[in-house]
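S.K.: If you scroll down you'll find the structure; I have some questions about it.
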Amino acid sequence: MTTSSAILIIGSMAFDDLELPSGNERDVVGGSATYSAFAASCFAPVRTVAVVGDDFPEETLVAMRSRGISIEGVERAPGKTFRWAGRYDVDLIHRTTLDTQLNVFASFAPKLPETYRDTPFLLLGNIHPALQLDVLEQVRAPRFVLADTMNFWIEGEPKAVAAMLRRIDTLVVNDEEARQLSGKYNIRRAAKEILSRGPRRLIIKRGEHGALLFDEEGVFAAPGFPLEDVIDPTGAGDAFAGGLIGYLACQPEITPLALRRGMLHATATASFCVEAVGTRRIATVTRADIAARLTEIRALYEFGASTM
């Protein structure tokens, strides 16, 4: 069995107030670093850098440690934890942001413990691109860098986003963000434009319709997994990124085949995230759960081609 490499994850740890078709939920533990760390911990040891307030529950930190997630880089600052409030439409695809309170996150400056600086796999969660660049200055020769961003930074910090793109291996965004970043509506043309700006690979998340990988081998489509019960899609994209980098951290080489298999593992991992509110399900998922879901995903596109 291949030994797993460590993963360093930088992002937000937060409270979410959610208006879901199934009901309203307050003080739900969330944040990009939380979701992706729980997902990645299914595969490899994780090191997390984030900031929380003095109101953040200690039991969540205990749960993270129990999953092999180092929280040495999680700063507990005086004040309130970052909070986001949103309302989901009945389709659970479209959502409206109702409130954002940065709180202690407003003055967050990532400080990497010395023991974190040589971590080979790096996931830059959806935070200010200047902070992502700051982290890249603190790490020493990472083997693989995966970064996320969003429309807010694409519009408001174009120079910082451009500088970040030149220093990463793989960018992961949704289709709306890809179109905004590239200025092109056609998704393949959008991908070509983004790849010309620095990253070797691009992953475009398409929600329930799966995800697309663009790399030197061409295009690969990972299907979405049709679930009967979708409760809360918050954090699914972060869980996808965590599942992907977690799988890659177990591989001897990052090859096009490993990336394609990683896409399916990421899809399987993220599918558990939406089955419960917040991190309640992703915090307990196991490799066995993911293996069983992978079998179901493969059945989606197995059509007996060898007999044709």
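What follows is calculated from the coordinates using simple rules that are stated; it is not laboratory data. A quick note: this is a predicted structure, and the numbers were derived from the prediction, not measured. Note that each Cβ is placed from the backbone with ideal geometry, even for glycine, and that neighbours are counted across all protein chains shown.
S.K.: Only residues in the range 1-29 that are without any contact (Cβ under 8 Å) to a residue 24 or more places away in the chain count as the first member; pair them with residues that are buried (at least 17 other Cβ atoms within 10 Å of the Cβ), Cβ under 7 angstrom, at least 6 apart or cross-chain, and list the lot.
M.R.: Every condition considered, the pairs that remain are N24/L18; R26/D17; D27/F15.
S.K.: Those residues that are among the hydroxyl-bearing types (S, T, Y), closer than 17 Å to V230 by Cβ and either part of a strand (DSSP E or B) or over 20 Å from the mean Cα position of the chain (by Cα) (or both), I need them from the range 15-51; list them, please.
M.R.: Taking the range 15-51 first, the residues among the hydroxyl-bearing types (S, T, Y) are 22, 32, 34-36, 41, 48.
Then drop every residue that is not closer than 17 Å to V230 by Cβ, which leaves 22, 35.
Matches in the range 15-51: S22 only.
S.K.: Moving to a separate point now. Kindly indicate whether any position in the range 124-147 is under 29 Å from Q251 (Cα atoms), more than 20 Å from the chain's Cα centre (by Cα) and assigned to a loop (DSSP other than H, G, I, E, B).
M.R.: yes
S.K.: Tell me yes or no: at least one residue of the range 287-301 is touching a residue at least 40 places away in the same chain (Cβ under 8 Å) and not in a helix (DSSP H, G or I).
M.R.: Yes, because at least one residue in the range 287-301 is touching a residue at least 40 places away in the same chain (Cβ under 8 Å) and not in a helix (DSSP H, G or I).
S.K.: Right, here's the next one. Looking at A190 and the list (1) under 17 Å from the mean Cα position of the chain (by Cα); (2) farther than 15 Å from V49 by Cβ; (3) of a type outside the set (K, R), which single condition is not satisfied?
M.R.: The failed condition is (1).
S.K.: Determine the pairs where a residue that is at positive phi and surrounded by fewer than 14 Cβ atoms within 10 Å (Cβ to Cβ), located within the range 100-114, has a partner that is aromatic (F, W, Y) and not in a helix (DSSP H, G or I) with Cβ atoms under 8 Å apart, the partner being 6 or more residues away or on another chain.
M.R.: none
S.K.: Select from the range 71-94 the residues that are in a strand (DSSP E or B), in contact (Cβ under 8 Å) with a residue 40 or more places away in the chain and not β-branched (V, I, T) and write down the one among them that is surrounded by the fewest Cβ atoms within 10 Å (Cβ to Cβ).
M.R.: Here is the first cut: in the range 71-94, the residues in a strand (DSSP E or B) are 71-76, 83-88.
Pick out the ones that are also in contact (Cβ under 8 Å) with a residue 40 or more places away in the chain and you get 72-74, 83-88.
Applying the additional criterion that residues be not β-branched (V, I, T) yields 72-73, 83-88.
Working: E72: 11, G73: 20, R83: 21, W84: 20, A85: 16, G86: 16, R87: 15, Y88: 18.
If we take residues in the range 71-94 being in a strand (DSSP E or B), in contact (Cβ under 8 Å) with a residue 40 or more places away in the chain and not β-branched (V, I, T), then E72 is surrounded by the fewest Cβ atoms within 10 Å (Cβ to Cβ).
S.K.: Given (1) more than 30 Å from D27 (Cα to Cα); (2) among the hydrophobic types (A, V, I, L, M, F, W, C); (3) part of a loop (DSSP other than H, G, I, E, B), where does L257 come up short, assuming only one miss?
M.R.: Single failed check for L257: (3).
S.K.: Scan the range 247-264 residue by residue and report those that are crowded, with 23+ Cβ neighbours inside 10 Å and free of Cβ contacts under 8 Å to residues at least 60 places away in the same chain.
M.R.: Listed by number, the residues that qualify are G262, L264.
S.K.: Looking at the range 182-195, is at least one residue assigned to a loop (DSSP other than H, G, I, E, B), in contact (Cβ under 8 Å) with a residue 24 or more places away in the chain and surrounded by fewer than 22 Cβ atoms within 10 Å (Cβ to Cβ)?
M.R.: Restricting attention to the range 182-195, the residues satisfying the condition of being assigned to a loop (DSSP other than H, G, I, E, B) are 183-186.
Those left that are additionally in contact (Cβ under 8 Å) with a residue 24 or more places away in the chain: none.
The answer is no, given that none of the residues of the range 182-195 is assigned to a loop (DSSP other than H, G, I, E, B), in contact (Cβ under 8 Å) with a residue 24 or more places away in the chain and surrounded by fewer than 22 Cβ atoms within 10 Å (Cβ to Cβ).
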